[in-house]
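Presented below is the structure to which this report refers.
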Amino acid sequence: MKSQLNPEMLDHVIAFHGHLCPGLMTGVRVAELVLRELGPRSSDEELVAVVETDNCAVDAIQYLLGCTFGKGNLIHLDHGQNVFTFARRQDDGGRVTALRVERKPRPEGASRDLTPDQEALMERVRAGEGTEEEQREADALWRQRSLAVLEMDEAEFLTMREIPDYELPDRASVHPSIACESCGRMTMSTRLQRIGGRNICITCAAEALSEAAVFWPIGVVCNELVAGHAPSRAKSPSSRLVIDPELAPALEGIEARQRLEVLFYLDRAEEHPPLLQRRRRDPEQPLTGVFTLRSPARPNAIGLSRVELLERRGNELIVAGLDAWDGTPILDIKPSEDG
């Protein structure tokens with residue numbers, strides 16, 4: 001089947017996009033297929049398009065199908081592929097049958113329908129080295145190739161298949177705007193990141209992260225202490241420090257040490273701890289500065305334990321006296337000065 005789009009509507013699509021090109025015409029053919037299979041143009045959010053490219057074809061899809069970023073019914077997946085999925089929302093929401101349309105790859109060894117001389121001409125013009133006459137010739141060739149897409153049989157270059165039980169993305173929703181605590185610009189709340197206890201926009205996040213210290217766990221704690229149980233160094237059972245196998249060479253010679261210092265990330269600590277706290281949260285104890293306590297609620301959630309090394313098993317250390325919960329990320333291991 002060839003394109004059935006009337007010339008006036010085609011002119012509107014070209015004007016919306018800004019120029020005529022094969023990519024735009026591919027979008028026209030995709031949109032025509034969808035209109036035929038799924039019904040009329042979307043007046044609001046009822047027709048959803050998920051596009052896996054940001055090329056010229058998407059402009060034809062926006063114009064002809066009424067799927068736009070602003071309404072939330074145009075979803076872009078940055079895969080760089082001519083793959084498009086469409087579905088029409090039902091009144092009861094939920095899952096529907098979607099339509100997936102793909103541009104067929106060229107057969108291996110197939111040309112782009114240009115002669116070597118034409119390819120060379122297009123390269124010169126793209127590089128800004130063509131004469132005025134060559135520019136006119138390239139424009140005419142480009143228009144010819146673009147309009148040829150409208151004359152192609154749909155089955156020659158597009159595939160279509162149904163996807164049953166397709167889960168539609170949520171409808172567009174309105175989120176409050178909050179001021180970025182770095183630049184002050186109002187930012188959609190769902191696009192803010194929590195960095196260093198502050199709400200930071202994406203623009204400022206890169207700079208904020210570059211100024212922050214970044215650590216990678218070297219291993220994990222395995223023991224019987226579960227979250228909610230206050231660990232005690234005097235009562236904690238033996239623990240396994242499971243170190244990343246790639247870092248196992250860093251353990252060579254550690255058997256000669258009896259006592260180690262283990263630094264770990266307090267990954268379940270509260271986010272904004274008070275600077276004045278009561279020892280072991282005992283209400284009868286006076287308020288004391290957190291830097292005088294071993295409280296896990298700290299400005300930087302880093303814990304330290306001096307432990308007794310009982311045994312090494314390859315990339316695992318068996319230790320006693322660790323006051324860290326099961327699953328705690330380990331940041332570093334150092335020999336203790338007293339052992």
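Rule-based calculations on the coordinates, nothing more; no lab input. Every value quoted in this text rests on a predicted model; they were computed, and no experiment measured them. All Cβ positions, glycine included, derive from the backbone under ideal geometry; neighbour counts span all protein chains shown.
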Longest principal axis of the chain (C-alpha) makes with the long axis of helix 202-211 (C-alpha) an angle, in degrees to the nearest 10, of 40 degrees
Can you give me the three principal axis dimensions of the range 1-111 from its C-alpha atoms, in Å, biggest first? 48, 34, 27
Based on alpha-carbon atoms only, what is the radius of gyration of the chain relative to the globular estimate 2.2 N^0.38 Å? 1.56
In degrees from 0 to 90, rounded to the nearest 10, what is the angle of the helix 22-38 Cα long axis to the longest principal axis of the chain? 90 degrees
Would you mind listing how long the range 291-338 runs along its three principal axes, going by Cα atoms, in whole Å with the largest first? 35, 27, 16
Could you work out the relative contact order of the chain, using alpha carbon pairs under 8 angstrom and six or more residues apart, expressed as a whole percent? 14 percent
So if a site counts as exposed when it's one of the trypsin sites (Lys or Arg not before Pro), its DSSP state isn't H, G, I, E or B, and it has at most 12 other Cβ atoms within 10 Å, what's the longest stretch of the chain without one? 3-111
D (µm²/s, integer) via Stokes-Einstein for the range 245-326, Kirkwood Rh across alpha-carbon pairs, 20 °C, 1.002 mPa s: value 144 µm²/s
Amide H of Asn315: which non-local residues (sequence gap of 5 or more, or other chain) have their own amide H closer than 5 Å, using H built in the peptide plane? none
With Cα atoms, 0 to 90° folded angle of helix 132-151 axis to the chain main axis: 90 degrees
